[in-house]
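The values are calculated or read from the model by the stated rules, or taken from the named source; none is laboratory data. Please read all numbers here as calculations on a predicted model, not as lab measurements. When we count neighbours, we look across all protein chains shown, and the Cβ atoms used for this are built from the backbone with ideal geometry, even at glycine.
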């Protein structure tokens, strides 16, 4: 089939008629593809970088150009629509106003981008918005983040529809708008439907991905467990959410938030305070009345909409006497929009191509865009400062010999000659020379020279800082992470939507739903880690039966979403996220850490490196006290930069290692060294001057030839404490051979000066020539074997240097109360 195309010839008789035959199939294919691409790229799908469709981007950009900032007055929406339509958007005013209205609705956007004044509609569109000649608008508080630094060459611009204006291809977007506010749209052959999320959760996941680019989906879902809808509600069933985060497609159900209350003196009712996303109360009421009228729903006495501005949504469904409210509620979920399905379809434009993206891909596209924005912004700022520095340096050069400058200018025939003579005399550039000629004489005073010197120093510092960011990918990523954290701190809100694994069962073990409550992090003698939030479940009851893994060698206070440090025998401090640790049940009645997880799951150790203690990262504490095998002691100044996952707390000598470390609580404790030749040295922590983390410490105890330190602890002198030692023979020291042990009151050992030899703490019997184990600390003390099985300690021996007694079981470790 062919189409004949003719054109009306002009009056000129010389015109020859030309007929072009075109295949209608080819014409239809070409035209349809062009139309489809236009709808996909220019109307229906959001860009994965800033999360905006063209119309939304043009509204935000034009409002920024009009200066409609949050601290200024409102203007008529018709004015904004007219500016957008006349300069940027080649479509009708209705589509522009509809987009602007949605951006102002708090029940449609998790973080609204427009601050509206007037009637902007209601939930479910039961009450449509007023006409744009009545409503007013301005930018919302968070909207400036979308256009922040747009005038610093951070994004590309393209001509508008008629080539007379320029518009941004994408906005800088200082927060992940696509995930936070979601999007929906129908293109040709494809559609997108993305739910909103919580800003704090999305930014936390983005920062985690910045720190760990190879993080998997499970790690990211610890921060983003699911959507967070503006209208709240309850999401039932999380398998569909995981599918969507993995593949870009999935389905979940949203339920209304309902409570059973006594609504009248004799009647109970269902009070609805939150409805599913995009569902309004009028729609629910109409459906209930229809079902009651058709006898498909029984037990409903009346339905009242008591929604107001002060209390928000409140839909009261009165239940007839004799009906169970919970049973009626299940019928309402089944038959009415109080339970709705939401189909996630994460389709967005990436480099102009529509792609279906999972959660990690969405974050990666946004972060790549943000890295590019910060890189271009830093380059722009550096260029600006270099240009200014060039002018300042020229002016300072002129000020050195201002009399000569004035003489040259006055003796010149014209400004061009003055410029040439100045350039030749002072080796200035043309730009510098012109700036000097344009500078009024009142700027050439002594005070202005001081200001210029200060400005030069400041510019050099800023240029160096910007260069450091541009030259280091790590610094760039750190800056992006810090800016995201600032956005989350300023605009982050609590989660509104509750996540349920199944109907009626709240979600368990979703990290970001764990309140940041105080807790304690515990490390057992068998290297198990756990946290507990119920005070001290390990306080031993007098008749309590000992269980395996109950010896806690280190315990520190923390918060559920905080961090603690693990100090290793090689002098490293490794960060551990508390939220990743298993939680011991609140019903723990006896000391038992069997529910913990191996330390190796949280930190990577090298060779024979071990963790000697846990520490808080509180920089207001007295800091760590460290003792090494070669007798070195150190108090560490608590300085733990948050941007480093691994820190050095001491510089060890060759062959040395840490045998003990503890976080001081008051700084008034006694530090205790015990050596393998049975010498104990005790002195006040105040005798050790705190040092920075890289320092190597100072002499802690004077060792005899061939001796080494086997124990270092800190003891509160006011507490009831003991010293436990085990003697053996160097030729037979192993895990199964021990000879005698002794338990002695701590107050039997006098204080001595730092770097002295101490006093003897156990007398060796025949066949004994060293200590294989030693410990000093508060009571009650607990002992365990190597596998964590409890072991008994000997009776108290008041003799400071007496000999030991035989043990029934081999003791591997001893620790005090937690």
>> For a quick check of your reading of the model, give me the residue pairs whose first member lies in region 738-758 and is over 30 Å from residue 786 (Cα atoms), whose second is at pLDDT below 90, with beta-carbon atoms closer than 8 Å and at least 6 apart or on different chains.
In response: none
>> Being within 30 Å of residue 684 (Cα to Cα) and without any contact (Cβ under 8 Å) to a residue 24 or more places away in the chain narrows it down to one residue among 718, 714; which is it?
In response: 718
> Just to be sure, is residue 232 surrounded by 24 or more Cβ atoms within 10 Å (Cβ to Cβ), in contact with a strand residue (DSSP E or B) (Cβ under 6 Å, 6 or more places away or on another chain) and not assigned by TED's automatic domain parsing to the domain that holds residue 560?
Replying inline: no
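Return the residue satisfying two criteria in turn: it lies in region 559-574 and is in a strand (DSSP E or B) and at pLDDT below 90, and of such residues it is farthest from residue 531 (Cα to Cα). Give the derivation first.
As a first pass, look at region 559-574 and keep what is in a strand (DSSP E or B): 559, 563-568, 572-574.
Among the residues that remain, those that are also at pLDDT below 90 are: 559, 563.
Values: 559: 10, 563: 12 Å.
Selected residue: 563.
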> What are the residues in region 426-445 that are in contact with a helix residue (DSSP H, G or I) (Cβ under 6 Å, 6 or more places away or on another chain) and either free of Cβ contacts under 8 Å to residues at least 24 places away in the same chain or part of a helix (DSSP H, G or I) (or both), if any?
Replying inline: 426, 432, 433, 435, 436
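So that you can scan it fast, the table gives a plain yes or no per residue for (1) part of a loop (DSSP other than H, G, I, E, B); (2) crowded, with 19+ Cβ neighbours inside 10 Å; (3) not assigned by TED's automatic domain parsing to the domain that holds residue 613:
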position: 755; (1), (2), (3): yes, no, no
position: 762; (1), (2), (3): yes, yes, no
position: 772; (1), (2), (3): no, yes, no
position: 775; (1), (2), (3): no, yes, no
position: 788; (1), (2), (3): yes, yes, no
position: 799; (1), (2), (3): yes, no, no
position: 811; (1), (2), (3): yes, yes, no
>> Against the definition (more than 30 Å from residue 273 (Cβ to Cβ) and either touching a residue at least 24 places away in the same chain (Cβ under 8 Å) or buried (at least 23 other Cβ atoms within 10 Å of the Cβ) (or both)), how does residue 126 come out, yes or no?
In response: no
> Taking into account only those residues within region 181-200 that are part of a helix (DSSP H, G or I) and surrounded by 23 or more Cβ atoms within 10 Å (Cβ to Cβ), which is farthest from the chain's Cα centre (by Cα)?
Replying inline: 181
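So, in region 701-715, exactly how many residues are more than 19 Å from residue 568 (Cα to Cα) and crowded, with 16+ Cβ neighbours inside 10 Å? Full working, then the answer.
Within region 701-715, the subset more than 19 Å from residue 568 (Cα to Cα) is 701-707, 715.
Narrowing further to those that are crowded, with 16+ Cβ neighbours inside 10 Å: 701-703, 707, 715.
Residues in region 701-715 being more than 19 Å from residue 568 (Cα to Cα) and crowded, with 16+ Cβ neighbours inside 10 Å: 5 in total.
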> Which of the strands (runs of 3 or more DSSP E) contained wholly in region 325-401 include at least 2 residues that are surrounded by 18 or more Cβ atoms within 10 Å (Cβ to Cβ)?
Replying inline: 339-345, 347-350
> Quick check, is residue 282 within 47 Å of the chain's Cα centre (by Cα), under 24 Å from residue 118 (Cα atoms) and not in a loop (DSSP other than H, G, I, E, B)?
Replying inline: yes
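Which one of 291, 209 is within 30 Å of residue 305 (Cβ to Cβ), in a helix (DSSP H, G or I) and touching a helix residue (DSSP H, G or I) at 6+ places or on another chain (Cβ under 6 Å)?
On the way: 209 fails: within 30 Å of residue 305 (Cβ to Cβ).
Only one candidate passes the filter, namely 291.
Within region 71-95, work out how many residues are in a helix (DSSP H, G or I) and within 15 Å of residue 140 (Cα to Cα).
Within region 71-95, the subset in a helix (DSSP H, G or I) is 77-87, 93-95.
With the extra rule that they be within 15 Å of residue 140 (Cα to Cα), the set shrinks to 77, 80.
The number of residues fulfilling the criteria is 2.
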> Taking region 274-293 as the search range and keeping residues that are surrounded by 17 or more Cβ atoms within 10 Å (Cβ to Cβ) and in contact with a strand residue (DSSP E or B) (Cβ under 7 Å, 6 or more places away or on another chain), which one is farthest from residue 312 (Cα to Cα)?
Replying inline: 288
> If you scan region 454-478, which residues turn out to be under 20 Å from the mean Cα position of the chain (by Cα) and either outside any helix (DSSP H, G or I) or buried (at least 18 other Cβ atoms within 10 Å of the Cβ) (or both)?
Replying inline: 476, 477
> Hey, among 79, 69, which residue is surrounded by fewer than 21 Cβ atoms within 10 Å (Cβ to Cβ), modelled with pLDDT of 95 or more and either at negative phi or out of contact with any helix residue (DSSP H, G or I) (no Cβ under 6 Å at 6 or more places or on another chain) (or both)?
Replying inline: 79
> If you check 193, 160, which single one turns out to be touching a residue at least 12 places away in the same chain (Cβ under 8 Å), at negative phi and out of contact with any helix residue (DSSP H, G or I) (no Cβ under 9 Å at 6 or more places or on another chain)?
Replying inline: 193
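With respect to residue 133, is the statement that it is in a loop (DSSP other than H, G, I, E, B), surrounded by fewer than 18 Cβ atoms within 10 Å (Cβ to Cβ) and touching a helix residue (DSSP H, G or I) at 6+ places or on another chain (Cβ under 7 Å) true? Before the answer, list the steps.
Numbers: in a loop (DSSP other than H, G, I, E, B): yes; surrounded by fewer than 18 Cβ atoms within 10 Å (Cβ to Cβ): yes; touching a helix residue (DSSP H, G or I) at 6+ places or on another chain (Cβ under 7 Å): yes.
Considered against the rule, which asks whether it is in a loop (DSSP other than H, G, I, E, B), surrounded by fewer than 18 Cβ atoms within 10 Å (Cβ to Cβ) and touching a helix residue (DSSP H, G or I) at 6+ places or on another chain (Cβ under 7 Å), residue 133 comes out as yes.
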> over 26 Å from residue 487 (Cβ atoms) and at pLDDT 90 or above - does that describe any residue in region 230-239?
Replying inline: yes
> What residue, among those in region 206-215 that are surrounded by fewer than 24 Cβ atoms within 10 Å (Cβ to Cβ) and in contact (Cβ under 8 Å) with a residue 24 or more places away in the chain, is farthest from residue 355 (Cα to Cα)?
Replying inline: 211
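Test residue 655 against the stated conditions and say whether it is over 17 Å from residue 622 (Cα atoms), outside any strand (DSSP E or B) and in the same structural domain as residue 742 (by TED's automatic domain parsing).
Yes: the conditions hold for residue 655.
Say whether the condition of being part of a loop (DSSP other than H, G, I, E, B), within 25 Å of residue 498 (Cβ to Cβ) and over 34 Å from the mean Cα position of the chain (by Cα) is met by at least one residue in region 122-129.
Taking region 122-129 as the starting set, the residues that turn out to be part of a loop (DSSP other than H, G, I, E, B) are 122, 126-129.
This time we only want the ones that are within 25 Å of residue 498 (Cβ to Cβ), so: 122, 126.
With the extra rule that they be over 34 Å from the mean Cα position of the chain (by Cα), the set shrinks to 126.
Within region 122-129, one or more residues are part of a loop (DSSP other than H, G, I, E, B), within 25 Å of residue 498 (Cβ to Cβ) and over 34 Å from the mean Cα position of the chain (by Cα).
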